[in-house]
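Below you'll find the structure, written out as C-alpha cells, and then a few comments.
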Amino acid sequence: MKNQMIFQRYEFKYRMNFRQLQAVLAAMTPYMVPDEYSHSSIRNLYLDTPDFRLIRRSLEGPVYKEKLRVRSYGRAGKDAPVFVELKKKYRSVVYKRRIALPQRQALGCVAGTDPWPESQIGAELAYAADFYKTLRPAVFLSYERDSFRGVADEEFRVTFDRKIRYRRDQLTLDSDTAGISILPPDQVLMEVKVAGGLPLWMARVLSEQNIFKTSFSKYGTAYGDILRKSRRGEITYA
C-alpha cells in the first residue's frame, strides 16, 4: 500500500478512547489483519502559502478541497525517498496522487529550484505549485499509525493514529516527532478507507460503542491551534 501512487476512495474518521478501541480491535479480528507495514511513525510536511491559503479554504467547507504535503514513513534523511502528495476531496470522495522522490529533490521541487518529474503526477504537482506560487513547508505533523487491511477485500483499510503532534519549526523529515499534541492522550483517531459503504460488522460495533463519524482534520486542527496561540501572542502567525 505504501508504494501505491493513485487512490480513489471514501475516508471516514472516528475519535475514540482506549476502551472503545479495544472493542473495535476485537470485532476486527475475524475480518482484518495487519497490513504489510503494520506500524509506522508517519512524518508530514504540510505545504501552504504564508497566509495559510490552502487550509483556510479547506476549513470553509467547499465542495472541492485539496492539500499538499511531503510524507515519510519514519525518519528520512535528505537523500532518502519520500512521497510528495496531492490530496483532493470532491463530494466526499478522496483522490490522492503521489510521487516518490529523494527528500532533497522533493523540497527543491517545492522551492522551485528543481524541476518536477516529467510524468502525469509530476505535471499535476507542478500545476498546483505554480497555481499557489508561494508554497513552502508550513507545519510539521506526525503520528504513530497502526494499519490493517481486509482479509476478503484487501482494499478495505482501517488505521489508528495516536500521538498526533505538530510544530512550526524544524520543518524537515530528518527529525524526531516532538511537537504540540492535538488529541487528548487517551484518544485515538480511526480512519476507515473503503470503496463503498461500511461492512455490517463494522457498523454494528461502532453503534454498540457509541462511536460516531467526525470531520476531524489533523492539519485543520493544528492550524486552529496556531491561530488561537497567535491571537494570544504565544506564537507568531507567519
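The values are calculated or read from the model by the stated rules, or taken from the named source; none is laboratory data. For clarity, every value in this text was computed on a predicted model and none was experimentally measured. Cβ: placed from backbone, ideal geometry, glycine included. Neighbour counts: every protein chain shown. Heads up: the accessible areas ignore ligands, DNA and RNA and are worked out on the full protein's heavy atoms, side chains in. Shrake-Rupley method; radii C 1.70, N 1.55, O 1.52, S 1.80 Å.
Assorted remarks:
- Two-site label geometry, A178 and E154: point separation in nm, points 7 Å out along Cα→Cβ: 4.1
- Residues of region 179-212 with an amide N closer than 20 Å to a point placed 7 Å from the Cα of A23 along the Cα-to-Cβ direction: 184-192, 198-212.
- Separation of the A203 and R167 label points, Cα + 7 Å toward Cβ, nm: 4.4
- Separation of region 7-52 from region 106-184 is 14 Å, based on Cα centroids.
- Among 158-164, 48-54, 31-37, sorting by the average number of other beta carbon atoms lying within 10 angstrom of each residue, highest first, gives 158-164, 48-54, 31-37.
- The accessible surface of region 155-238, taken with every protein chain in place and a 1.4 Å probe, is 51 percent carbon and sulfur.
- Region 86-142, relative contact order in percent, only Cα pairs under 8 angstrom and at least six apart counted: 23
- Cα-Cα separations in the chain greater than 22 Å, expressed as whole percent: 55
- Share of carbon and sulfur in the accessible heavy-atom surface of region 1-108 [1.4 Å probe, %]: 52
- Computed from phi, the 3J(HN,Hα) profile of region 222-231 under the Karplus parametrisation 6.51, -1.76, 1.60 (θ = phi - 60°) reads 4, 4, x, 5, 4, 5, 4, 5, 5, 5 Hz, with x in place of Gly and Pro.
- Taken per residue, the accessible surface of the chain reaches 49 Å², heavy atoms only and a 1.4 Å probe.
- Put simply, the convex hull of the Cα atoms in region 133-238 casts, on average, a shadow of 9.6 nm².
- Averaged over residues, the count of other Cβ atoms within 10 Å places the peptides 194-201, 14-21, 79-86 in the sequence 79-86, 14-21, 194-201, highest first.
- Length gained on full extension, H39 to F131: 29.6 nm, using 0.36 nm per residue less the C-alpha separation.
- Using a Förster distance of 25 Å, the FRET efficiency for R53-S119 (Cβ separation, nearest 0.05): 0.45
- Label-zone membership for region 52-73, site E191, 7 angstrom Cα→C-beta point, backbone N under 19 Å: 54-62, 64-73
- Among the listed pairs K133/K193; K67/K163; K88/K163; K13/K78; K133/K213, those beyond 30 Å (Cα-Cα): K133/K193; K13/K78; K133/K213
- Magnitude of the charge dipole, the chain, Cβ model with Lys/Arg +1 and Asp/Glu -1, debye to 20: 700
- By the compact-protein rule of thumb, 2.2 N^0.38 Å, the alpha-carbon radius of gyration of region 1-106 corresponds to a ratio of 1.27.
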